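The structure under discussion appears below in the form of structure tokens.
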Amino acid sequence: MFRIPLVVLTAFAFAFSTSTAVAAESQGNSPVAVAAEAEPPAEPTLACEENPAECETAETPPNEEQEKEEKEAEERELAGPPSTTPVISLTSSKVVVTGNKATVRLRCQKANCTGTLRLKLGRVIVAQASFSLKRAARKAVALNLTSAGKKKLANVRRKHLRATLAVAVKHGKAISAKVTVI
């Protein structure tokens, strides 16, 4: 709510009635006749200057747009900071296979990360897993080898293989990277 001192309102009324008389004179009417029709202007008082405690104030109705803006600002404050999207990254380009597990090192940034990992050799999905990391955390995630992946790795004579690791993050950007399977 806005409060305007009565002196300001009285001065505004005086200026308005004076401008009405000038406008009437420019239209050919007598300013005395127009002034007689209008309410007599109240003289501004200096009571507010002498003693501000005695000064009366008049409330003006709040603007609907201002109320709406204040309400939206209040809702934004209650909602907290804008949400950030999680960012996931690999901390190593090596995937270590031991037994029925393949281990990948991940790092999560900006927000909590949840998603899935898939390790592919060509078109064959060798291993897959789901993960959940807190913001700013690093973790070694164990992927479970699939039956097709076990067969593919059992028949390989080389120790190091190039594979593709696809990482899908809920509410974030998916990444795909070439890794070395050891």
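The values are calculated or read from the model by the stated rules, or taken from the named source; none is laboratory data. Keep in mind that this is a model prediction, so the values were computed, not measured. FYI the Cβ positions are ideal-geometry reconstructions off the backbone, even for glycines, and counts take in every protein chain you see.
Brief remarks on what is shown
- Number of residues in region 97-113 that are under 30 Å from residue 151 (Cβ atoms) and among the polar types (S, T, N, Q): the value is 3.
- Some residue of region 138-149 being in contact (Cβ under 8 Å) with a residue 12 or more places away in the chain, surrounded by 14 or more Cβ atoms within 10 Å (Cβ to Cβ) and under 28 Å from the mean Cα position of the chain (by Cα): no
- The set of residues in region 109-132 that are at pLDDT below 95, of a type in the set (A, V, I, L, M, F, W, C) and over 14 Å from residue 181 (Cβ atoms) comprises 111, 113.
- In region 110-137, residue farthest from residue 152 (Cα to Cα) [restricted to those that are without any contact (Cβ under 8 Å) to a residue 24 or more places away in the chain and of a type outside the set (Ser, Thr, Tyr)]: 129
- Scan of region 142-170 for residues that are closer than 11 Å to residue 119 by Cβ and of a type in the set (A, V, I, L, M, F, W, C), ordered by number: 143, 145, 153, 161, 163, 165, 166, 167
- Qualifying positions in region 108-131 - among the aliphatic types (A, V, I, L, M) and loosely packed, with under 15 Cβ neighbours inside 10 Å: 124
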